[in-house]
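**Student:** Sharing a structure, written as structure tokens. Questions coming.
The values are calculated or read from the model by the stated rules, or taken from the named source; none is laboratory data. Because the structure is a prediction, the values reported are computed rather than measured. Cβ placement follows ideal geometry from the backbone for every residue including glycine, while neighbour counts extend to all protein chains displayed. When the accessible area is computed, the model is the full protein with side chains, heavy atoms only, and any ligands, DNA or RNA have been set aside. Shrake-Rupley method; radii C 1.70, N 1.55, O 1.52, S 1.80 Å.
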Amino acid sequence: MKTVFLVNPSAGKRDPREEALPPFLAYWQAQGAPFEVRLTEAPGHGEQVARQLAAAGEELRLYAVGGDGTFREAAAGAAGCPNLHLGVIPCGSGDDLVRSFGGREVFLSPERQFRAQPRPLDLILTEYGPAAGMCAIGMDASVAYYMVQFKRLPLVTGPMAYNLALLKCFFGRLGVDMEVAIDGEAPFSGNFVFALAGNGQYYGGGYRGAPRAVPDDGLLEFVLIRKPGRLKILRMLGTYKRGGHLDSPAFAPYLEYRRGKRMEIRARQEAVATCDGECVKTRQISFTVSPGAFSFLQPLPAENS
């Protein structure tokens, strides 16, 4: 089966063609396996390439070589196309998607990736495009918004950029007045620090916001945190990053947790929303699961392991 490596030259701190990609090209070449390399040329181009490849009708493997945003674009193009099997070679600033599947080392192994097998994965659909991992509105989305600025600074890693953005937002406006409806039930309202919908478990460079999320069960994890005091946020942050908030007594007075298929949000004031790191400002957004939307390449253990 032919392989196409779709490379985002701007992903991460270093061009993937210089570091991440060469071991894969060498391995594929050693196996005598056909492949080609294509580059993304602008935002949204990854989705166009994936759609074009799928429309040709040939069964093939497409590897998104970049970060979560590159994979998001490719997944949008691969959705509904069973002949296109989508993998990822993570070399972005956060690489949160792969944390739910064993971490970066697994996905940076050419041998494991060469033996990858397809499995259906869900997507999150929104008015602003789909997401494979996590969507949110409120403080966490604002953090993602500012994280883009910080990660452009020299020597600033993805997790470091997230923490710097978190500090900036912490000392800004906290809380968004929202009305939230889940799966058509009676809406509830309040002042929330954020509301998120998780298909994957991680975002923000390692924060485990949806620790029970399963990316192929046809459901999303909905986590909402009502606004506590600033000092309480600081004390709760470590627990939240580890994914312990769903069972923590400290979070219980503030936590709203559901598993479901659709969450609709109306905010009283404009707020930042994010879909796998892509940010927009809005007062209304919905997060809906699309079960088994695309074919994902799951790396297998090495043959000698």
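**Student:** Put 262, 72 in order of accessible area, largest first, 1.4 Å probe: what do you get? Before the final figure, lay out each step's value.
**Tutor:** Values: 262 85, 72 35 Å².
Final ranking, largest accessible area leading: 262, 72.
**Student:** Another question about this same structure. Would you look at the GNM of the chain, springs on alpha carbons closer than 10 Å, and say which of 287, 171, 150 moves the most?
**Tutor:** 171
**Student:** Among 186, 116, 76, which one shows the biggest mean-square fluctuation in a GNM of the chain, springs joining Cα atoms closer than 10 Å?
**Tutor:** Between 186, 116, 76, it is 186 that shows the largest mean-square fluctuation.
**Student:** Once both labels are modelled 7 Å past Cα along the beta-carbon direction, what's the residue 38-residue 173 spacing in nm?
**Tutor:** Placing both labels 7 Å beyond Cα along the Cβ direction yields 4.2 nm.
**Student:** Hey, another quick one. For residue 227, give me every one of the aspartates and glutamates with a C-alpha distance below 16 angstrom, ignoring sequence neighbours fewer than eight places off in its own chain.
**Tutor:** 140, 177, 179, 256
**Student:** Among 30, 271, 250, whose mean-square fluctuation peaks in a Gaussian network model of the chain (Cα, cutoff 10 Å)?
**Tutor:** 30
**Student:** Keeping all protein chains in the complex and leaving out DNA, RNA and ligands, what accessible area do you get for residue 176 with a 1.4 Å probe, in Å² to the nearest 10?
**Tutor:** 10
**Student:** Which trypsin sites (Lys or Arg not before Pro) in the stretch 93-140 sit in a loop by DSSP (not H, G, I, E or B) and have at most 16 other Cβ atoms within 10 Å of their own Cβ? Let's see the in-between values first.
**Tutor:** Numbers: sites: 99, 104, 112, 115; in loops: 115.
Within the stretch 93-140, the qualifying trypsin sites (Lys or Arg not before Pro) (loop, at most 16 other Cβ atoms within 10 Å) are 115.
**Student:** Oh, and also: Residue 232: which lysines have alpha carbons under 28 Å from its alpha carbon, excluding same-chain residues fewer than 8 sequence positions away?
**Tutor:** Of all the lysines, those that pass the test against residue 232 - Cα under 28 Å, at least 8 places apart if same chain - are 151, 168, 241, 281.
**Student:** Suppose we flag GluC sites (Glu not before Pro) only when DSSP calls them loop and at most 16 other Cβ atoms lie within 10 Å. Which is the longest uninterrupted stretch of the chain? Intermediate values should be presented prior to the final figure.
**Tutor:** Working: sites that count: 18, 19, 41, 58, 59, 127, 185, 303.
Longest gap between qualifying sites, sites excluded: 186-302.
**Student:** Heavy atoms only, probe 1.4 Å: what % of the accessible area of the stretch 228-270 goes to carbon and sulfur, would you let me know?
**Tutor:** About 51 percent, which is the carbon plus sulfur part of the accessible surface.
**Student:** Could you work out how far apart the two model spin labels at residue 268 and residue 31 are, taking each label as a point 7 Å from the Cα in the direction of the beta carbon, and quote it in nm?
**Tutor:** Using points 7 Å along Cα→Cβ, the separation is 5.6 nm.
**Student:** Roughly what would the spin-label model give for residue 15 and residue 181, points 7 Å off Cα along C-beta, in nm?
**Tutor:** The modelled label-to-label distance comes out at 5.1 nm.
**Student:** Just to verify a number: FRET efficiency for residue 231 and residue 257, C-beta to C-beta distance, R0 = 30 Å, to 0.05? Intermediate results must be reported in sequence, preceding the final value.
**Tutor:** Working: r = 23 Å, r/R0 = 0.77.
Once rounded, the FRET efficiency stands at 0.80.
**Student:** Can you give me the relative contact order of the stretch 210-261 as a percent, contacts being Cα pairs under 8 Å and 6 or more apart?
**Tutor:** 52
**Student:** Write down the Kirkwood hydrodynamic radius of the chain, to one decimal in angstroms, obtained as one divided by the mean of 1/r over all alpha carbon pairs.
**Tutor:** So the Kirkwood estimate lands at 19.6 Å.
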